[in-house]
Amino acid sequence: MNILPNFKIKSVEETKLISKEERIKAIEKAGLNVFLLKSSEIFIDLLTDSGTNAMSQEQWSAIIKADESYAGAKSFEHFNDSVKEVTGFDFVLPVHQGRAAEHILDSVLIKQGNVIPGNIHFDTTMAHIEHQKGIGINCVIKEAWNCEKEIDFKGNIDLKKLEEVLEKNKGNIGYVLTTVTCNSGGGQPVSIQNIKETSELCKKHKVLFFLDAARYAENCFFIKQREKGFEKKSIQEIAREMFSFVDGITMSAKKDAIVNIGGLLAFREKKLYEKCIPFCILFEGFPTYGGLSGRDLEAIAVGLKEGIQEEYLKYRIGQVKYLGDELEKAGIPIMKPIGGHAVFVNGKKFLEHIPQEQFPSHTLCVELYIEAGIRAVEIGTLLAGRNPETGKDVMPELDLMRLTIPRRVYMKEHMDYIVKAMKELKERKDKIKGLKFEFESPILRHFQSTFERVK
């Protein structure tokens, strides 16, 4: 790993690797669900990059100066100015996290039976759509479903499929959503050209177009590296151009704004912004704090700008690539090309003797914890849930274990330890048995369900 970090460590948190016997007891007590483990039982936590980041001294300094006024706080002004500078949107609502932004937007835009096309909707995105009695449709390019296929922008929308959906559902489209990067597809980027052409289709059909911009900076970095004409542009310039093609964004600031809590909605037009304000007040709070303290607003204001620093992004994405490259050298099947925020192991292929209905990638998460105290997360059959009409399990094309790297937290030695653990799992993978439900939670089931091993 030849890319150096653009930071040095000033404060540390001690971690402890508990014994294998203790780990077995812990995961059994948690019902074989890694979400239900205690953080004190985890050695390396790769569950998510959402809110698990290490903040900078500039962010902590801004926190001390925060204005905690209920309405019209100076901290909101700093937050608002930063969002406008990075995105170009004039109308901004703070919220406590990304799913709160989805909740507000969907409450305004989705009516029963509305169709919401996207590249691949993430779990909370689809849950909010279905909560409003809408129908989410994935329109990603076909190459996205092939873990071995290496193309530059695997998160792109299939424009032909999107147009078919728009034609078939005239007058019944809530909005179109592109997620950048595409998390459920392996953290894959979306090209500016694809966003532009999607925008043109949406204008043709008179429907709104939004981005889920949680990992917008990582997407922009891939555009700079891979898309012709953007090689010499700054990340800031690429971001402004990318956002120029859409009507608005939802964002969890817990990713690329490098904070522990927070999110936002941003709009091009005042009319839609004003429609969302009452729901922000109802669900989140007054529109100049939106469920956040002044301290949170200040941290986001600084983090949005730090997240688009090219030297930081080189190290951030380089660290993820290092892990992916080393796993591939070890013969571990992964999603290629390697994404921006995580390495996605093809659990369905790694544990090919386990049927998909027995959750191979979730099983792999459980075994990785037992093996090495590492917590990962399944992005596959368990997360996909059940079809709301038939009640049957959705069987997605991709069944993956996500090794999600928090920002500015772990070092090369941690990456090497993860590779070593996966090598050891590979040696005994044929002896691993699948899982079945002991208790199935009715909503977003991967968070609270418990399991037992298949005999």
Of all residues in the stretch 377-423, which are in contact (Cβ under 8 Å) with a residue 60 or more places away in the chain, over 17 Å from ASP49 (Cα atoms) and of a type in the set (Asp, Glu)? GLU397, ASP416
Run ASP325 past the list (1) surrounded by fewer than 22 Cβ atoms within 10 Å (Cβ to Cβ); (2) out of contact with any Phe, Trp or Tyr (no Cβ under 9 Å at 6 or more places or on another chain); (3) touching a residue at least 24 places away in the same chain (Cβ under 8 Å); (4) not in a loop (DSSP other than H, G, I, E, B) and report the number of the one that doesn't hold. (3)
Identify, please: which residue in the stretch 1-15 is touching a Phe, Trp or Tyr at 6+ places or on another chain (Cβ under 9 Å) and either in the same structural domain as GLU41 (by TED's automatic domain parsing) or closer than 19 Å to GLY307 by Cβ (or both) and is, among those, modelled with the lowest pLDDT? ILE3
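Please enumerate the residues belonging to the stretch 1-17 that are among the β-branched types (Val, Ile, Thr) and free of Cβ contacts under 8 Å to residues at least 12 places away in the same chain. Don't jump to the end; show me each part of the working.
Of the residues in the stretch 1-17, the ones among the β-branched types (Val, Ile, Thr) are 3, 9, 12, 15.
Answer for the stretch 1-17, where residues must be among the β-branched types (Val, Ile, Thr) and free of Cβ contacts under 8 Å to residues at least 12 places away in the same chain: ILE9, VAL12.
Quick grid of which residues meet (1) in contact with a helix residue (DSSP H, G or I) (Cβ under 6 Å, 6 or more places away or on another chain); (2) over 20 Å from ILE418 (Cβ atoms); (3) buried (at least 24 other Cβ atoms within 10 Å of the Cβ):
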position	(1), (2), (3)
GLY340	yes, no, yes
VAL345	no, no, yes
LYS349	no, no, no
PRO355	no, yes, no
HIS362	yes, no, yes
ALA376	yes, no, yes
GLY380	yes, no, yes
GLU389	no, yes, no
PRO396	yes, yes, no
Matching residues in the stretch 111-125 - criterion: being buried (at least 24 other Cβ atoms within 10 Å of the Cβ) and under 14 Å from TYR175 (Cβ atoms): ILE116, PRO117, GLY118, ASN119, HIS121
Residue check: is MET401 assigned to a strand (DSSP E or B) and either of a type in the set (A, V, I, L, M) or within 20 Å of the chain's Cα centre (by Cα) (or both)? yes
Out of all the residues in the stretch 170-189, is one or more out of contact with any Lys or Arg (no Cβ under 9 Å at 6 or more places or on another chain) and surrounded by fewer than 16 Cβ atoms within 10 Å (Cβ to Cβ)? yes
Working carefully through the options HIS128, HIS78, HIS121, HIS103, find the one that is under 30 Å from GLU367 (Cβ atoms) and either assigned to a helix (DSSP H, G or I) or under 20 Å from the mean Cα position of the chain (by Cα) (or both). HIS121
Can you find a residue in the stretch 86-97 that is part of a loop (DSSP other than H, G, I, E, B), without any contact (Cβ under 8 Å) to a residue 24 or more places away in the chain and either touching a helix residue (DSSP H, G or I) at 6+ places or on another chain (Cβ under 7 Å) or of a type in the set (S, T, N, Q) (or both)? no
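Name the one entry in LYS423, LYS455, LYS348, LYS436 that is in a loop (DSSP other than H, G, I, E, B) and either under 29 Å from VAL140 (Cα atoms) or not small (Gly, Ala, Ser) (or both).
Values: LYS423 fails: in a loop (DSSP other than H, G, I, E, B); LYS348 fails: in a loop (DSSP other than H, G, I, E, B); LYS436 fails: in a loop (DSSP other than H, G, I, E, B).
One residue alone meets the criteria, LYS455.
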When (1) under 17 Å from LEU36 (Cα atoms); (2) surrounded by 24 or more Cβ atoms within 10 Å (Cβ to Cβ); (3) more than 19 Å from the chain's Cα centre (by Cα) are applied to ILE370, the one that fails is (2)
Could you please give the count of residues in the stretch 18-56 that are charged (D, E, K, R) and in contact (Cβ under 8 Å) with a residue 12 or more places away in the chain? 7
Given the conditions (1) within 16 Å of the chain's Cα centre (by Cα); (2) within 24 Å of ALA144 (Cβ to Cβ); (3) in a loop (DSSP other than H, G, I, E, B); (4) not charged (D, E, K, R), every one holds for PRO388 apart from (1)
Collect the residues in the stretch 225-256 that are more than 23 Å from ALA299 (Cα to Cα) and either surrounded by fewer than 18 Cβ atoms within 10 Å (Cβ to Cβ) or not assigned by TED's automatic domain parsing to the domain that holds GLN97 (or both), keeping them in residue-number order. GLN225, ARG226, LYS228, GLY229, GLU231, LYS232, LYS233, GLU241, SER244
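Among the helices (runs of 4 or more DSSP H) contained in the stretch 193-291, which hold 2 or more residues that are among the acidic types (Asp, Glu)? Working first, answer last.
Details: elements: 216-226, 235-243, 270-283.
Correct list: 235-243.
The values are calculated or read from the model by the stated rules, or taken from the named source; none is laboratory data. Remember, predicted model here, so these are calculated numbers, not experimental data. FYI the Cβ positions are ideal-geometry reconstructions off the backbone, even for glycines, and counts take in every protein chain you see.
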